[in-house]
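Colleague: Below is a structure I'd like to ask you about.
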Amino acid sequence: MKNSKQKSVRLPGHIVPERYRLMLKPDLEGFTFYGEETIYITIVKPTKEIMMHCKDIQIESVVCSNLKFENLPAGRQVENLKLTYNEKTETVTFFSSQIIPKGKWELHIVFTGILNDKMRGFYRSQYMHGNISKHMATTQFEATDARRAFPCFDEPALKAVFDVTLMIPQNTTAISNTIESSITEHQSGYRVVTFQPTPKMSTYLLAFIVGEFEWLEGKTKEGTLVRVFTTPGKKEQGRFALNCAIKTLEFYNAYFDIPYPLPVLDLIAIPDFTSGAMENWGAVTYRESALLVDPENSSTSNKQWVALVIAHELAHQWFGNLVTMHWWTDLWLNEGFASYIEYLAVNELFPTWEIWTQFAFADLGAALHLDSLKNTHPIEVQVHHPDEIGEIFDAVSYSKGASVIRMLAEFLGEKKFRDGLRYYLKKHAYGNTHTIDLWKAFEKISNKPVTKMMANWTGKPGYPLLTVVESKSLLKMSQSRFYSSQPSRKESKDTTIWSIPISVMSSASSRPVSSLMSQKSGVISKPKGQWLKLNMGQTGFYRVDYPAQMLQALQTPIKMKKLPPTDRLGIIGDAFALAESGQLPTTQVLELVSSYNGETDYTVWVEIVSGISKIKSLIENEKFISALKQFSLELLEPIVSQVGWEAQKGEHYSTPLLRSLVLFQAGTNGHNQTIEHAQKLFGQLQKGKAPIPADLRGVVYNLVAENGGEKEFNFFIKKYKTEILHEEKNRIGRALGQFKKPALLKKALNFSMSKDVRFQDMPGIATSVWSNSQGREIAWTFMKKNIKVIMERYALGGHMLSRILAPAGQFNTETKAKEISDFFKKHPAPGAARTVNQVLEKIYSNAAWLKRDSKAIGNWLNEQS
Ligand code: BES
Ligand code: ZN
């Protein structure tokens, strides 16, 4: 029953749109818009009903007329169409009293709508022009919100050509997917901007933006015009993005061997934006912090983020825009792929960043965590309703998608992989695909059984744990699905078998031993050497459980850095995960962590810190928490003294990232000297004396907040209100969540929902309070109390609501799990149902972990001191 109801949200399919002639006229003061469209459709079988998507739009009139086809007299019109809206399916249906014969028809519709403040559909975004508050109109259509801007056939496979015209006030600029073909002045005082027809494309990729902008521009060597648009006064901050975009576009042109097809590529910074960025064909929109770089005030990590986001969105111009998934079930073809190739492009542009080593925690790691829950989903997942579609923009579609692509790329080799992509893109250009089409392309080029190998990686939830047993001459391996939660593991009946690319590196040889294991278990002869490390380079999407002796043997190459950073990271990451799941005593992981005492790599430190932080939050109410802090401080001591506070000339690219990471860790674990230094820098800033280097601001603000009171809090609030740079606002916002006093944390949360914080920025502040051990309960109470407003603002689509709720998974008692479960039974969270289940699963898992290991952790820590 439920299933068929869900399926009925799909359009019936007997009407095919071919072209939309669309005119929109936004009213930037009244927050409404007026629209007219002619849709050229083919009616495939005679019908009395025309059904299309339409949401929160008022249709003023509709006429259906036929062209000179199908032997009918020209100019025939079907007027007086009756119409009904259906809120559930987000559609409108036009009913004709007579049967409309099959053939080519034009549908002429006049409509009006509201420029909403929900950051979806056609919406308004506020900005300052000098001292005057202004609004722009802009769009966010993915996944299912084009229907909020104009009645349309809003499914990705119903591609069409769009002829867009915007009627705009004189002082504004209009941007859409292509370049203007004409600009005329209308007698009403408006300017009429008509754009060249778009390529054949999906509705979710259309964009219109109207506002006061300034811009920078340049050209690729192939002649594509590239522009970066900002609100008045900010265009110089677009310089870095412009350079990145030009070089990235040139790289993709060559890599895919298909030229970018439009004459122009615009990148637009939008002050209110729901996600990080959106790949609209030729008119990519960004939140300001994902596009703008201010050389004086932007951190290394923000700059890196900008480069990655640009590379990601530009990858979509091919993967997603040129070739599009047939339906949202295959969303990962877009997002997983773009999340993989963004690294390839950034590595090409900035080789010294060694960006691939960050993949291991940012994507592989994120995916391994989420996908270790029972409440995960297969990469290819059945979805019907917009709520379900919004939910799958998660680490499974993005990061697991990217990780399994990387695994395949390694397996096929660079060239075959690239040629497979080229073949796929050329074969399906301007069309739609399923996952199988990608596998077929790789098979054709490589002659390897890709479909068979990949089937369970994308078709089944979860991933394998490879358990290793050694004998004198053999390595025996067996696989079973990995769960981070012990209760979930114990309940599981999953018997999935994955095709696992095995690679074993050893002290004795620089070349790994490789094989593909497609059975439940396998045996290989044991390579020689004092130590063996499986999953070389962490390119496989699985975890490894070593026997105690093998793990012990790995301590030496970790200490001596005989293993590359990614492998050092992998060993400790897998160990933390096994402790969480109850397959390795937590004390043994802490034991292993000690061998990272001389660690110098940023990415490895990220993994260590995140593992220890999890244990810290687990035992936050135990007496021996201070012993864990002491343990952390001893571990950090060498690296903290090595990196210091001062940036050195010519230091490694990632040192500033490492510095801010370990200094914060030292401070938060109670290192007085570090805290005092942070306070000193802050004091100078307060007096207006010395600005703090951008890379240190996060550490300084957070440590000052952790150790500060009312005075510091008020300083931050004041600074937040007057700050113009979005990135800096975010930094301050996070600091607001790091105070210790409950009263201040409550204030921070109230502030996050006040008029001084944009809707888009509330989750950043809330997440910070959640992550603070003093703030968790306060955050939860706040969510409960404000659930109505939160739902109004953030529910129904996007991933904002999930972001706000997910941190609740850090609780660690069954009572809390029950409370949360009861609460959401009463207040269902549309678009975040799976997130709530994940939260509950994590809490039960934490509770079991605490029960299992807490005492031993306490004893072990006490023995250390
Ligand atoms: N297509 C997405 C934007 C999007 C996200 C639309 C969610 C609808 C719902 C875009 O390509 C994207 O993935 N943006 C990322 C940034 C990227 C670098 C991972 C984002 O917004 O977080
Ligand atoms: Zn994307």
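The values are calculated or read from the model by the stated rules, or taken from the named source; none is laboratory data. All values reported here derive from a predicted model rather than from experimental measurement. All Cβ positions, even for glycine, are placed from backbone atoms using ideal geometry, and neighbour counts span all protein chains on display. Surface accessibility is based on the protein's heavy atoms, side chains included, excluding ligands, DNA and RNA. Shrake-Rupley method; radii C 1.70, N 1.55, O 1.52, S 1.80 Å.
Colleague: Being aliphatic (A, V, I, L, M) and either within 11 Å of ligand 2 (Cβ to nearest atom) or open to solvent by 10 Å² or more (accessible area, probe 1.4 Å) (or both) is the filter here, so list the residues in the stretch 294-321 that pass it.
Modeller: Taking the stretch 294-321 and keeping what is aliphatic (A, V, I, L, M), we get 306-311, 314-315.
Across the stretch 294-321, the qualifying residues are Leu308, Val309, Ala311, Leu314, Ala315.
Colleague: Looking at Phe229, is it touching an Asp or Glu at 6+ places or on another chain (Cβ under 8 Å) and either more than 16 Å from ligand 1 (Cβ to nearest atom) or without any contact (Cβ under 8 Å) to a residue 12 or more places away in the chain (or both)?
Modeller: Working: touching an Asp or Glu at 6+ places or on another chain (Cβ under 8 Å): yes; either more than 16 Å from ligand 1 (Cβ to nearest atom) or without any contact (Cβ under 8 Å) to a residue 12 or more places away in the chain (or both): yes.
Yes; evaluated as a whole, the condition is true for this residue.
Colleague: Of the numbered conditions (1) at pLDDT 95 or above; (2) out of contact with any strand residue (DSSP E or B) (no Cβ under 7 Å at 6 or more places or on another chain), Ser510 satisfies every one except a single condition; which is it?
Modeller: (1)
Colleague: Sticking with this one: Take residues that are within 15 Å of ligand 1 (Cβ to nearest atom) and tell me which of the helices (runs of 4 or more DSSP H) falling wholly in the stretch 754-799 contain 2 or more.
Modeller: Numbers: elements: 762-771, 776-785, 787-794.
The helices (runs of 4 or more DSSP H) meeting that bar are 762-771.
Colleague: Looking at the stretch 322-371, which of its residues are of a type in the set (S, T, N, Q) and either in contact with a Lys or Arg (Cβ under 8 Å, 6 or more places away or on another chain) or within 14 Å of ligand 2 (Cβ to nearest atom) (or both)?
Modeller: First, the residues of the stretch 322-371 that are of a type in the set (S, T, N, Q): 324, 329, 334, 339, 347, 352, 357-358.
Hits for the stretch 322-371 are Thr324, Asn334, Ser339.
Colleague: Out of the stretch 323-353, which residues are open to solvent by 10 Å² or more (accessible area, probe 1.4 Å) and among the hydrophobic types (A, V, I, L, M, F, W, C)?
Modeller: Within the stretch 323-353, Trp327, Leu344, Leu349, Phe350, Trp353 qualify.
Colleague: Just to be sure I understand, how many residues within the stretch 652-705 are of a type in the set (S, T, N, Q) and open to solvent by less than 40 Å² (accessible area, probe 1.4 Å)? Working first, answer last.
Modeller: First pass over the stretch 652-705, keeping only residues of a type in the set (S, T, N, Q): 654-655, 660, 665, 668-669, 672-674, 679, 684, 686, 702.
Filter again for open to solvent by less than 40 Å² (accessible area, probe 1.4 Å), leaving 654-655, 660, 665, 668-669, 674, 702.
So the answer is 8.
Colleague: Among the residues of the stretch 812-865 satisfying the criterion of being within 18 Å of Ile612 (Cα to Cα) and within 24 Å of the chain's Cα centre (by Cα), which is least open to solvent (accessible area, probe 1.4 Å)?
Modeller: Filtering the stretch 812-865 for residues that are within 18 Å of Ile612 (Cα to Cα) and within 24 Å of the chain's Cα centre (by Cα), the one least open to solvent (accessible area, probe 1.4 Å) comes out as Ile843.
Colleague: Something else now. Within the stretch 109-158, count every residue that is within 16 Å of ligand 1 (Cβ to nearest atom), over 13 Å from Cys54 (Cβ atoms) and assigned to a loop (DSSP other than H, G, I, E, B).
Modeller: Number of matching residues: 8.
Colleague: Is it the case that Ala277 is of a type in the set (Gly, Ala, Ser), open to solvent by 10 Å² or more (accessible area, probe 1.4 Å) and within 14 Å of ligand 1 (Cβ to nearest atom)? I'd like the intermediate steps shown before the answer.
Modeller: Working: of a type in the set (Gly, Ala, Ser): yes; open to solvent by 10 Å² or more (accessible area, probe 1.4 Å): yes; within 14 Å of ligand 1 (Cβ to nearest atom): yes.
So Ala277 fits the description; yes.
Colleague: Hey, another quick one. When you scan the stretch 415-503 for helices (runs of 4 or more DSSP H) that lie fully inside it, which ones turn up with 2 or more residues that are in contact with an Asp or Glu (Cβ under 8 Å, 6 or more places away or on another chain) and farther than 30 Å from Leu850 by Cα? Steps first, answer last, please.
Modeller: Working: elements: 435-446, 450-459, 486-491.
By residue number, 435-446, 450-459.
Colleague: Can you pull out every residue in the stretch 385-413 that is at pLDDT below 95 and either in a helix (DSSP H, G or I) or open to solvent by less than 20 Å² (accessible area, probe 1.4 Å) (or both)?
Modeller: Pro386, Asp387, Glu388, Ile389, Gly390, Glu391, Ile392
Colleague: To continue, here is another question. Note down all Cβ pairs under 6 Å where the first residue falls in the stretch 635-664 and is of a type in the set (Lys, Arg), the second is modelled with pLDDT of 95 or more, and they're at least six residues apart or on different chains.
Modeller: Close Cβ pairs (under 6 Å, with a partner that is modelled with pLDDT of 95 or more) amount to Arg659/Val643.
Colleague: Got a sec? Which of Asn730, Asn714 is part of a helix (DSSP H, G or I), open to solvent by 30 Å² or more (accessible area, probe 1.4 Å) and without any contact (Cβ under 8 Å) to a residue 24 or more places away in the chain?
Modeller: Numbers: Asn730 fails: without any contact (Cβ under 8 Å) to a residue 24 or more places away in the chain.
Criteria check complete, one pass: Asn714.
Colleague: Being away from ligand 1 (no atom under 11 Å from the Cβ), touching a strand residue (DSSP E or B) at 6+ places or on another chain (Cβ under 7 Å) and farther than 14 Å from Gly276 by Cβ is the filter here; which residues of the stretch 286-329 pass it?
Modeller: Listed by number, the residues that qualify are Val323, Thr324, Met325, His326.
Colleague: Moving on. Looking at (1) open to solvent by 10 Å² or more (accessible area, probe 1.4 Å); (2) under 22 Å from Ser480 (Cβ atoms); (3) not in a helix (DSSP H, G or I), which one does Gln530 not meet, given that it meets all the others?
Modeller: Checking Gln530 against (1) open to solvent by 10 Å² or more (accessible area, probe 1.4 Å); (2) under 22 Å from Ser480 (Cβ atoms); (3) not in a helix (DSSP H, G or I), the one that fails is (2).
Colleague: Having 3 or more residues that are open to solvent by 10 Å² or more (accessible area, probe 1.4 Å) is the bar; report the strands (runs of 3 or more DSSP E) wholly within the stretch 190-231 that clear it. I'd like the intermediate steps shown before the answer.
Modeller: Numbers: elements: 191-195, 208-211, 214-219, 225-230.
Here the list reads 191-195, 214-219.
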